Structures are given as structure tokens and as C-alpha cells.
Amino acid sequence: MKNFGKRFGVMSSLGVTMGHFFDTYIVDLVKGRKRYWTPEGIEARRQADTEGIFTIQYPEEQLPVPEEFRVLPFLVYDEGENGEKNLRCTACGICAKVCPPQCIWIYRATDPVTGKPSPHPAEFHIDMDICMNCGFCAEYCPFDAIKMDHDFELASYTRGESHLYGLDKLMKPVSYYESIRPVNASREAAARAEKARPKA
Amino acid sequence: MSPEGLSKPEYQVPQEMQNQVALTTLDRLYNWSRKNSVWPMMFGLACCAIEMIAAAASRYDLARFGMEVMRPSPRQSDVMLVSGTVTKKMIPQIVRLYNQMPEPKYVIAMGACATSGGPFKEGYNVVAGVDKFIPVDVYIPGCPPTPQALLHGLMTLQKKIEGQSLKEVSWYQKGPGEPIPVPVLGPDLIDMRKAAVIREKSQPVADPEKAAVAVDEAAQNGELPAKEG
Amino acid sequence: MTEATLVNPLETLVEHFPSGWVKKDDRPGYSGFIVEREHLLDFARAMRDDFGFDYLSMVTASDYLAEGIFDVVYYAYKTIGGPALVFKVQVPREDAVVPSLVALYPGADFQERELWDLMGIRFEGHPDLRRILMWEGFEGHPLRKDWKEPFYEEDVKPFKSRWPEGKPIHADDRNPFNDNVQYPTGFDPERWVPEAETLLYSGLQQTAHNEEFKTDELIVNMGPQHPSTHGVFRMVVSLQGEKIVDLKPVMGYLHRNHEKIGERNTFLQNMPFTDRLDYTTSMSNNFAYALAVEKLMGLQVPERAEYIRVIMAELTRIMNHFFATGFLLNDLGVYFTASLYAIEERELILDIFEEVSGSRMMCNYFRFGGVVRDVSDEVLKKIHNLIYDRIPRKLDQFDAYLTNNEILRTRCEGVGVLTADQAIALSTAGPILRASGVPYDVRRADPYSIYDRLDFDVVTGIHGDIYDRYLVRVGEIKESIKIIKQLLRDIPGGPILAGKPAYQVRVPAGESYGRVEGPKGEMGFYIVSSGKPNPERYHVRAPTFINLTSLAPMSRGEKVADVVVILGAIDIVLGEVDR
């Protein structure tokens, strides 16, 4: 085959493309229908031994994103017993400090009684048009309060105010966080429990 | 060819004639055919262009949307994917390309940079959003948006096309549309539509306080006799 | 080669010159020699001809506003390997004139133009000293420390309170035009006459006037929006029929001010910005930057992290070379078939990057002293499958597809030839340099990380044409596979980060230059720290920017269709060229 290639280079090239063409049919025949539209099929098509059709038919099929996948940040809140939303954020400002394009604005709340600053953000906004999805805010947050989202279907017709995410858009429940990043969430919960134990 | 999206759901087509007959309106037919052959311009600026190429390649395959015909010429394209950071040096060319595109034309700002300058917003050579110059139809956040996010953005554009009406679209109105004036590269980027504002705001300061500061500075440099007191 | 090259010359270098010419740079944290401006040319000639430092890798400058001087910094190497020769020229800021080294090292051409453009340092004797990244007529030299951009907030990040009195302040609010612009006082836009690029066009070489056979010389602009230019790159080509008489690259259409932003950023904040330099090879950009800062900090990277780093860097190389070869065919007019095959492999590698780092392209995976998170056994298994099974198989397929294809060979063989001497003189790096037969690879010449323990060959070509560049790239994929196999076999357990994760790092004062052999050539970062949380100077030695110096010499005399392929074989990425 090697010598053949040397003599008839173009023929050999055409052979390769022909091979690709026939592969699409052969693989479909061998693997059957479950190759498409099933999660296993999608997984199989991204393995090292995949041949034939490589296409993921987005939007009907969707390539699953890995746990570490990062799009935009969001703020995690714990759900209280009476449905109150307890933000984990303490407005310490580390995320705003570490943010490379400086797209985080935090305004710390003041306690209405004492007038002293209280450990909660009164306002928090992130300019999603500037955010570079680097994940530093989530990485260096000491309270596990800000995390990176997985939702990438964000296209919109307008920008400006609507891309300036305030607390209302940023807050998401901890159950959501656990659903997109189960491994990280359980590891962090264990670490927090470990930290809290000696005091108790 | 699937009549999905073509037939108007109000009209009932008998079971045996479905997939052969579609009852629809002219608007719907017109938009249905347009939205399934949106040809993008082969035009990459930065990082996002690589994701655009990935979206056009076999894994995500833009051809499924009738968008595989990437045209390097603006004359044959329907949508301009502004995929990457728009710099001041490049914006005259982008505006010119946009002006050369025939109607109907659409613009997608892909990624944070095209939308507003993104992480490079503070840079001195970066335009803070391509929409300062050309009208943008769809914004796709992300840095860079993954190919799937781009496909979602293109589908958002398709929805927009679906909603347009022949009666209202600008390209069937009387008279030609006005081209956008091409910005000029001066000491900084000059948007000719804002020439008056630029001239006005660049005038030497008349503010007495600032003028006093200027006089003090000049005095320190020995250019003027120092003020007394 | 004289005697001086055989002994270690750097110890006694000062004595080789009359007193007062050269002195050691003895500022703490700095190294190298300070040369008097008047004797720079003589010094550099001696270094090149007598001492064997034939390869001028990098020219840059840093602005010391407090001292009122510019340091123009040169990094020269021997192509036979070994450490750097660093020499500097100090000039006062008011009188920033330095003799040009283009006559000795033609590779300094674009870098000196860049310094003129961004720093305002004039290089006397430079043949074509025009602005390169910004346009003629732009106000000011932006990298000077006292120059402020329109969206200036503060000198360094993190910015202080941005929410005074309950109202957030955005960059747009600060600027009088509500836009990223500023104009000199008294500026009138209607009276402005834009520059007509006469210098650019008049600088093109003309053919000798021929009395008998009258032809017209045609000047063609290719780009910045042209499908062949891999982005927003522009070539001004003067043509005699189909033949290229001269060519001038015009760049800066993607100049995103990395260096200015980098000097405002903290050290860590620059890491995700390095991803966006050469956006197809973010892992090796991370690598070079991490090396540069670690050198200053004196950090020792844990063993496992070193292994992970090299695995990622080599996967990046495989991915990049697949991509480059695929798109080389695009430039030949084989629309998309080859590149579609290449992108398939690239996607599979990107899946791995996405899994370990969270992003397909902008990995942001390296930290000072290690990497951000460990690689799971599952991912190692995936890499194993790719390296042992998929990639070699697909590479063979690529080989059968392309290597002996007559069309590819006729279009590529003997086109865009660069001899070894030229390649060294023009400071090219990476596959371009090696295809010309110079076995210079930073991984071997000046080993970093754990490359000195790995077994691999430096792939070289013979003819220095496009075909050899293709072969070198294919060969390098094979070598990378070999490297990753060794790493997968030996990867130890243990920590992946030295110390605790910290968002503020203490970097001692001094300068450092970290470089790696990126897929496109020598990728380096020159960093000056003043002990503060932000770098004083942050310069990127972008391989393709400097490789582009060789575009004009390679293209002269070729046909206009070939210039597309020649450019494709350089494998430029505009994010890095323009930065």
C-alpha cells in the first residue's frame, strides 16, 4: 500500500476520502439506530474509536458538558426552612479583586439598626458583556458563594441593561448548583463540615 | 424538505395530504425559505472565529441549518458574524463590508468582545461594541461562546426572521437605505456622525477652575509669571 | 568560530571591550550587560561574529518612568544551544534614539517597529520605521507609562471602590464621549486629513524600468478581509504579471493591547489573557507565562504538575499541527476536506481540555507553582486511548491522504524557500526554522520543565520549503505522541500545586524571561517586576509575529497564488501577531 501511495498519490488521497464516505454507511449499519438520539450514542461518538458520522445534531441532541465547564458566574443561595434565600456571599470582595477584566461590582449592605456594614451584598452586579469566563471568582471565593454556570443558551436580541446581571438574575439555589456540579458540591460540603466540626 | 414551520397551524391539512400540501401565508413562506438559507460571510476576527469554524465543521455542522455556504464576499451573504474583538483599525473595513451587503442583512455579535469590547474593553485600540457602528440583531454572550452556543444564537436569528413581515421590512420601503458613514482613523477613531460633539468637547477648557489649574501648571513650568499669594 | 566561543564568554565578556563600553547589569534581580548606545552596533557585531550568538530572539524595551530612562532589551542565543546573552541599552526618555540592529539581525525589523509604535523609541538606521500595530496619525505611544487610555480608571488593578454613593460607575461613564476615544485639545474632526499610506506604498520595491518591454506594476491589497489571510491580516503585494516583486505585511487589525492591559493587571490576572494570545494553543501560552513568573518567584513545581503540564503542552502541539496542516490544504484550494478531518481530531483533544480546565479553548489551566486542578484517571484513560490508538491511526491516514499527493507536492516543493542562514538571521522559530535544517528547539537547546528527562528527537527538514514545513509538522506530531506515551507511563501521584492557592502572589523585584517551544515557535514572556502585585513590564515574544518577518523574503519571486500557501505554512494566528 505504501508503494502504491508513492506512485499514485492522488489515487491514494481519493481512497482516503472514499473510505470516509463509505464509513458513514458501514458504521451506521453495524451500530444500528441507537447511535443517534440516545445519550449513549452521543457518548460513543466522542470516544477515541469513533468512526463514521461525527455530527451532534444540536439542538435535538446536545453534547453534554463536563462538570468543570464554565460560562457565566452565578451566586449560590441556601434555601431556608421558610423559603427564604440566604446568600452565601459575604460581600468580601475577593471575586471583584481577582476578576481580570474587573466586571464585578459589589455594594455592601449596611445594617439598618447599627448603621455598620453587614456581611451581605446590598447590590451585586456583573457585566456579562465584559466577563471572560475565566472562573477565577469561583476558584478563589472562600465561601463557595459564586460559581460558574453551565447554561450557554444565552443569545438575546438586546444588550445593555439586560446584560448587566443584578442580584435577581444572579441568584440561583444550591440545589441547582448541586445538580450541575455534583462532585465539586459534595467535596466542598465535606470540607465545610470538616471546618465547622472542631468548634462544635 | 419538511414543511415544519411552513404550514400555518390554524389551517387543517387532511392527514393523507400532510407532507405534500402546505397551507400558509406569503409572509410565512417567504420567511421560511429565507431562514433556511442564511449564508454567513466568511469573516473571522479573533478567537471566536475558531469556534465559528468548529461550528461549521463536522461535529456541529452548520449545513444542517442551510448555513454552510460561507461567502468571502459581502455581496452574496446574508449574515455577518462578527466573531471577535473589533478594533479601531478594523472598524472602517467592517462598516464598509456591512454597507456592501445587500438587504436583507443581519449581524450577529458573537462573544463578549464583539458585543461590548469584552475583556479587552479597556484597551486603547478596541471598539466598545460593534453596535456603536452597525445595527446588531443577535448578541451571543460567552468568551468564546461554544459552537453549540453559536448554533443557539443562529436559531435565535432564525426566530427573528420568522417574525418579520413583508409589509414592514425596511428593504421593501421606498427609497434606498442610507449607508453608514465609514469611520475615519484620526488621532483616535472618528465617528463622522458625531463630528460636532467631538469638536465641541475637544475645545480648550473654558471652565475657570480648570483654567486656573492650567495657569498654575504653566507657572510652575516657568512659562508665565507666578501668581501672587 | 574563534576561541572566544569555546570558553564561557559571559564571565569575562566585559574585558573584551574597551572600558566604558559594556558593564554588568547589577541591579538586584537583573542580569546581562548594559551597553553604551554609541557602541551597540560594534558590540552586537562582535557578539554575532566572534561569540556565536547568531540568533536574536527578542527585542523589547521597558519604560522606567521614575528614573526617566528606557531600557531596550535584547535576548540573543546560539542556535547550537545554551543560555541567553542579555544586553541592554539605556536611553533617556526625552532622547529615545537607539541604533537599529536590522542590518546585523534582520529579524529585529518588526520588533523595532513595534517599539517605535508603542514606546516611541526611534531606531536610527532602520530601513522602514513606520508604525506597525497602530495606524499612522495615532496620537501618542501607548506603552509609555505616562500615556493613558480613554477608559483609564486607575494605574493598576484591582480598581478601588467602584460604587461610591450608591451608584455604580462604569468605564463609559468616566469618558466625556461615553466611548472608548480621546482627542487632543482643540481637535476638529472635519479638518482632519487621514493618512493615505503613501509611505507604505512608496516603500515597495520596484522592478528596474524596462525600455523594450513595457509592463505595468500592479499593486494588490490582500486583506484584511480575505479568506486566505487566516484572520484580519493584510498584505500589500506589488506584482509584475503573476510574479511578486515585493510584499509588505500590514498588521494591527487585531491589536488588543495585551501589554498595556497586562501592566495594569495583577500577575495572576494575566493568566486568562495569555489564553487569548494564540487562541489555538492556550495551554502552551499558559506554560510560558507560568515559567516566567515562577522563575522570578523561585518556585519549584511538584512532579505531578510538571507531568500534567507537559502532557497538555504536547496535546496542544498535536492539535495545532493537525489544524495547521488541515488549513494548509485550504490555502491550496482544497476547500475543507482536509481541514474537516483535522478538526475532528482537534475536537477530541478539545474534549479533554474542556474536561480538565472547563473551557475548550481558553483553558486558563496553569497556576504559578502548578496547575489548577488534578487530572482524573478517567481523563488519563481518554488521553491514553487517543495517543495509543486514535491519533497514530489518523496520522497514518493523513499521511496516505497528503504526503505523496502529487498536487500537494507540486504546489509545495521548492516554494517559499528559506535557507538555514536566512532563517536564523530572520529570527524565525519553530517549524519554519527547523524545516530549513536548523535543529533549534527550545525543549532541547535550553530545556525547561522535565524535557531534559524525556526521549524525543528534534525534527528537521532539509530544503526549507513549504513541503518540508509540512513534513516537520507531521514529524512533530509523532514526536509528541512519543513524549506523551512516556509521560503516561511514568506519571507520579502527589500534589499538583506548590503551596496553597493564592490570588495575590508576591513576586520579588527583577526581570525574567520564560520561554517554551510552542507549536508555532519560541513563545516567551519578558516580565519586569518591581515587587508590587502588578508587573512593571509585560512583554510577549510572539513567535508568529517574528516569523512573519520572513514572509517578504520568502515570497519575492514567487507567484501570487503561492503567497497564500506561504502564509499558510507560517501558520499565523492574528491574536498573537497583533496581540
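Worth pointing out:
- Candidate set from segment C:297-346 (those that are part of a helix (DSSP H, G or I) and out of contact with any helix residue (DSSP H, G or I) (no Cβ under 9 Å at 6 or more places or on another chain)); member that is surrounded by the fewest Cβ atoms within 10 Å (Cβ to Cβ): C:303
- Being within 14 Å of chain C (Cβ to nearest Cβ), touching a helix residue (DSSP H, G or I) at 6+ places or on another chain (Cβ under 8 Å) and over 29 Å from residue C:187 (Cβ atoms) is a property that holds for residue B:144.
- Yes/no for residue A:55 being at the interface with chain C (Cβ under 10 Å from one of its Cβ atoms) and either at pLDDT below 90 or in contact with an Asp or Glu (Cβ under 9 Å, 6 or more places away or on another chain) (or both): no
- Total residues in segment C:158-195, condition exposed (fewer than 14 other Cβ atoms within 10 Å of the Cβ), within 7 Å of chain B (Cβ to nearest Cβ) and among the acidic types (Asp, Glu): 2
- Given (1) within 26 Å of residue C:360 (Cα to Cα); (2) over 21 Å from the mean Cα position of the chain (by Cα); (3) part of a helix (DSSP H, G or I), index of the condition residue A:43 fails: (2)
- Residues within segment C:394-446 that are assigned to a helix (DSSP H, G or I), surrounded by fewer than 23 Cβ atoms within 10 Å (Cβ to Cβ), within 14 Å of another protein chain (Cβ to nearest Cβ) and not β-branched (Val, Ile, Thr), tallied: 10
- Residue in segment A:63-76 that is more than 9 Å from chain C (Cβ to nearest Cβ), touching a strand residue (DSSP E or B) at 6+ places or on another chain (Cβ under 7 Å) and at pLDDT below 85 present: no
- Filter pass, residue C:82 being under 21 Å from the mean Cα position of the chain (by Cα), over 20 Å from residue C:542 (Cα atoms) and either of a type in the set (S, T, N, Q) or surrounded by fewer than 21 Cβ atoms within 10 Å (Cβ to Cβ) (or both): yes
A quick yes/no check of all residues on (1) at the interface with another protein chain (Cβ under 8 Å from one of its Cβ atoms); (2) in a helix (DSSP H, G or I); (3) under 27 Å from residue A:62 (Cβ atoms); (4) out of contact with any strand residue (DSSP E or B) (no Cβ under 6 Å at 6 or more places or on another chain):
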position	(1), (2), (3), (4)
B:23	no, no, no, yes
B:28	no, yes, no, yes
B:38	no, no, yes, no
B:52	no, yes, yes, no
B:64	yes, yes, yes, yes
B:89	yes, no, no, yes
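- Of residues in segment C:354-376 being assigned to a helix (DSSP H, G or I) and in contact with a helix residue (DSSP H, G or I) (Cβ under 7 Å, 6 or more places away or on another chain), the one farthest from residue C:449 (Cα to Cα): C:355
- Being within 12 Å of chain A (Cβ to nearest Cβ), closer than 16 Å to residue C:281 by Cα and of a type in the set (A, V, I, L, M) is a property that residue C:352 has.
- Restricting C:540, C:573, C:528, C:507 to residues that are in contact with a helix residue (DSSP H, G or I) (Cβ under 7 Å, 6 or more places away or on another chain), modelled with pLDDT of 90 or more and at negative phi narrows the list to C:540.
- Residue in segment B:188-204 that is part of a helix (DSSP H, G or I), within 24 Å of residue B:113 (Cβ to Cβ), touching a residue at least 24 places away in the same chain (Cβ under 8 Å) and more than 10 Å from every other protein chain (Cβ to nearest Cβ) present: no
- Look at (1) under 21 Å from residue B:141 (Cβ atoms); (2) more than 14 Å from chain B (Cβ to nearest Cβ); (3) more than 19 Å from the chain's Cα centre (by Cα) and you find that residue A:95 fails only one, number (3).
- The single condition among (1) under 14 Å from residue C:433 (Cβ atoms); (2) part of a helix (DSSP H, G or I) that residue C:522 does not satisfy is (2).
- Qualifying residue in segment C:149-157 (condition: farther than 30 Å from residue A:122 by Cβ, in a loop (DSSP other than H, G, I, E, B) and within 10 Å of chain B (Cβ to nearest Cβ)): yes
- Checking C:508, C:535, C:501, C:495 one by one, the residue that is farther than 21 Å from residue C:157 by Cβ and touching a residue at least 60 places away in the same chain (Cβ under 8 Å) is C:495 and no other.
- Considering residues of segment A:1-36 that are among the hydrophobic types (A, V, I, L, M, F, W, C) and not in a helix (DSSP H, G or I) only, the residue modelled with the lowest pLDDT: A:1
Per-residue answers, yes or no, for (1) within 20 Å of residue C:318 (Cα to Cα); (2) at pLDDT 90 or above:
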{"site": "C:407", "(1), (2)": "no, no"}
{"site": "C:411", "(1), (2)": "no, no"}
{"site": "C:420", "(1), (2)": "no, yes"}
{"site": "C:428", "(1), (2)": "no, yes"}
{"site": "C:434", "(1), (2)": "yes, yes"}
{"site": "C:460", "(1), (2)": "yes, yes"}
{"site": "C:466", "(1), (2)": "yes, yes"}
{"site": "C:471", "(1), (2)": "yes, yes"}
{"site": "C:475", "(1), (2)": "yes, yes"}
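- Boolean, residue B:156 is of a type in the set (Val, Ile, Thr), under 29 Å from residue C:260 (Cβ atoms) and not in a loop (DSSP other than H, G, I, E, B): no
Each row is one residue, and each column tells you yes or no for (1) at pLDDT 85 or above; (2) part of a loop (DSSP other than H, G, I, E, B).
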position: B:135; (1), (2): yes, yes
position: B:142; (1), (2): yes, yes
position: B:145; (1), (2): yes, yes
position: B:149; (1), (2): yes, no
position: B:161; (1), (2): yes, no
position: B:175; (1), (2): no, yes
position: B:178; (1), (2): no, yes
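- Residues of segment B:74-124 that are out of contact with any helix residue (DSSP H, G or I) (no Cβ under 6 Å at 6 or more places or on another chain), in contact (Cβ under 8 Å) with a residue 24 or more places away in the chain and polar (S, T, N, Q): B:76, B:77, B:87, B:99, B:115.
- No other residue among C:129, C:115 is surrounded by 18 or more Cβ atoms within 10 Å (Cβ to Cβ) and not in a loop (DSSP other than H, G, I, E, B) apart from C:115.
- Subset tally (residues that are touching a strand residue (DSSP E or B) at 6+ places or on another chain (Cβ under 7 Å) and among the acidic types (Asp, Glu)) for segment C:254-277: 2
The values are calculated or read from the model by the stated rules, or taken from the named source; none is laboratory data. What you see is a predicted model, and the numbers here were worked out from it, not measured in a lab. Heads up, the Cβs are rebuilt from the backbone with ideal geometry, glycines too, and the neighbour counts pull from every protein chain shown.
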